[in-house]
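Structure record follows, encoded as structure tokens.
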Amino acid sequence: MAARFIVEADGGSRGNPGPAGYGAVVRDGDTGQLVAEAAEFIGHATNNVAEYRGLIAGLRAARELDPDASVDVRMDSKLVVEQMSGRWKIKHPDMQPLAAEARTVFPRGRVTYTWIPRERNKDADRLANEAMDAGRDGRQWEPRKPAGAVDAGAALAAEPPLEKSAPKVGWAAPADLGTPTTFVLLRHGETPLTPQKRFSGSGGTDPELSDKGRWQAERAAEALAARGSVQAIVASPMRRTRQTAEIVAARLGLDVRYEEGLREVDFGAWEGLTFAEVQERYPDDLSAWLGSAKARPTGSSESFTTLTHRAGVARDRILARYPGQTVLVVSHVSPIKTLVRLALGAPPDSMYRMELSAASICAVQYYADGNASLRLLNDGSHLR
């Protein structure tokens, strides 16, 4: 009789994209006993790529044990489970060949996909982190124990029945995902450069709030106090964000924690110029910048690609520090747009299609399965 296996797989990226790795375990489908495990550091990649690579490795490990087996794949990645189950389309070009490869390991109909909460995917998550640690140290992952050394049958038998479909996120998140972590994203109030629409990044003069900017920050503080949900405040260390955060913190009775990753991007030689002035003085720069997230203005140390990396790292640090809490994140146009873009899974050029007014509020919720939901964008009702 053909075997029945359970494959648990996971992947991660420290930076998203960043140094990435995957982990997978294969269990006997009847006893829950661990029969195989796999992990690998895969270099620079996204979370989703790493998750798919973990899936493929787990399926291959199961096939090596019995090519005629049936397999129940269990993952905490809603994206992979829904896409491989055929309920979601696979639009991203990096995902399409990986999904196609996963489908070739076993014949159609012999693999099922089940979403599980992250806390029930700990072994695969541990292996993925071991692989990333190994990559950080300049080596590849090696197993610590022979396959079969861990008997998880009793633990599996005690677990509640698995959900057979991925949870819905957004406006109706299920209770088994727990309380999401909410980022209330507040852009700083106006500076003297804001109404003139001049580039003002981390490489410029670091201007203060104008009188109007302070008024805007006070109105934001009143609105946030009325909502009554903010439990922590994290801000960019630049002057205008510090001042905005301090005004809100004084109203809410909270302290401010500063995060370097929330700084505005460095605009180099464009600092202090209007868009029209940049177009006149640096036309090639501007054309390249509008055409590629990897392009940098003359004299700048950063592109939107590098901003994405550091903003993602900052996001993950905040999520780790404040799980299940509502955090006010006081930052700038580019970092906030980046966090919104990442939450939506939108392409880099989507940043050029977002409007974020001074002292406007956005909100993103992050769930236990790694997904995010945009709840609010560019809300300025408190300023009217």
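The values are calculated or read from the model by the stated rules, or taken from the named source; none is laboratory data. Note that the structure is a prediction, hence the values are computed from the model and not measured. Neighbour counts are summed over all protein chains in view; Cβ atoms, including those assigned to glycine, are modelled from backbone coordinates with ideal geometry.
Only residues that are outside any loop (DSSP other than H, G, I, E, B) and either in contact with a Leu (Cβ under 7 Å, 6 or more places away or on another chain) or among the aromatic types (F, W, Y) (or both): list them for region 1-23, please.
Step one: of region 1-23, the residues outside any loop (DSSP other than H, G, I, E, B) are 4-13, 18-23.
Residues satisfying the conditions are F5, V7, A9, Y22, G23.
Check L273, L286 and return the single one that is touching a residue at least 40 places away in the same chain (Cβ under 8 Å), among the hydrophobic types (A, V, I, L, M, F, W, C) and surrounded by 15 or more Cβ atoms within 10 Å (Cβ to Cβ).
Details: L286 fails: touching a residue at least 40 places away in the same chain (Cβ under 8 Å).
Exactly one residue qualifies, and that residue is L273.
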Query raised in the report: Within region 290-304, can you find the residues that are within 24 Å of the chain's Cα centre (by Cα) and assigned to a loop (DSSP other than H, G, I, E, B)?
Result: S292, A293, K294, A295, R296, S301, E302, S303
Requested in this report: Among the helices (runs of 4 or more DSSP H) lying completely within region 56-162, list those that include at least 1 residues that are at pLDDT 90 or above, of a type outside the set (A, V, I, L, M, F, W, C) and closer than 18 Å to G29 by Cα.
Outcome: 122-136
Report task. Of the numbered conditions (1) crowded, with 18+ Cβ neighbours inside 10 Å; (2) touching a helix residue (DSSP H, G or I) at 6+ places or on another chain (Cβ under 8 Å); (3) of a type outside the set (S, T, N, Q), A245 fails exactly one; give the number of that condition. Result -> (2)
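Return the residues of region 249-289 that are in a loop (DSSP other than H, G, I, E, B) and either in the same structural domain as N16 (by TED's automatic domain parsing) or of a type in the set (A, V, I, L, M) (or both); say none if nothing qualifies.
Applying the first criterion (in a loop (DSSP other than H, G, I, E, B)) to region 249-289 yields 253-255, 259, 263-267, 271-273, 282.
Within region 249-289, L254, V265, L273 qualify.
Scan region 334-361 residue by residue and report those that are part of a helix (DSSP H, G or I), more than 18 Å from the chain's Cα centre (by Cα) and not aromatic (F, W, Y). Step through it out loud before you land on a result.
Initial filter on region 334-361 (part of a helix (DSSP H, G or I)): 334-344, 348-353.
When the remaining residues are screened for being more than 18 Å from the chain's Cα centre (by Cα), the result is 352-353.
Correct list: R353 only.
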Requested in this report: Report yes if Y52 is under 30 Å from A2 (Cα atoms), under 24 Å from the mean Cα position of the chain (by Cα), without any contact (Cβ under 8 Å) to a residue 60 or more places away in the chain and not in a loop (DSSP other than H, G, I, E, B), otherwise no.
Outcome: yes
Report summary line: Within region 29-49, the residues that are touching a residue at least 60 places away in the same chain (Cβ under 8 Å) and either in contact with a Cys (Cβ under 9 Å, 6 or more places away or on another chain) or under 15 Å from A3 (Cβ atoms) (or both) are T31, G32, Q33, L34, V35, A36
Query raised in the report: L193: part of a loop (DSSP other than H, G, I, E, B), out of contact with any strand residue (DSSP E or B) (no Cβ under 8 Å at 6 or more places or on another chain), crowded, with 21+ Cβ neighbours inside 10 Å and touching a residue at least 12 places away in the same chain (Cβ under 8 Å), yes or no?
Result: no
Query raised in the report: Considering V364, V330, which residue is among the β-branched types (V, I, T) and either modelled with pLDDT under 90 or within 13 Å of the chain's Cα centre (by Cα) (or both)?
Result: V364
Requested in this report: Please indicate, with yes or no, whether at least one residue in region 16-39 is under 18 Å from the mean Cα position of the chain (by Cα) and more than 19 Å from R139 (Cβ to Cβ).
Outcome: yes
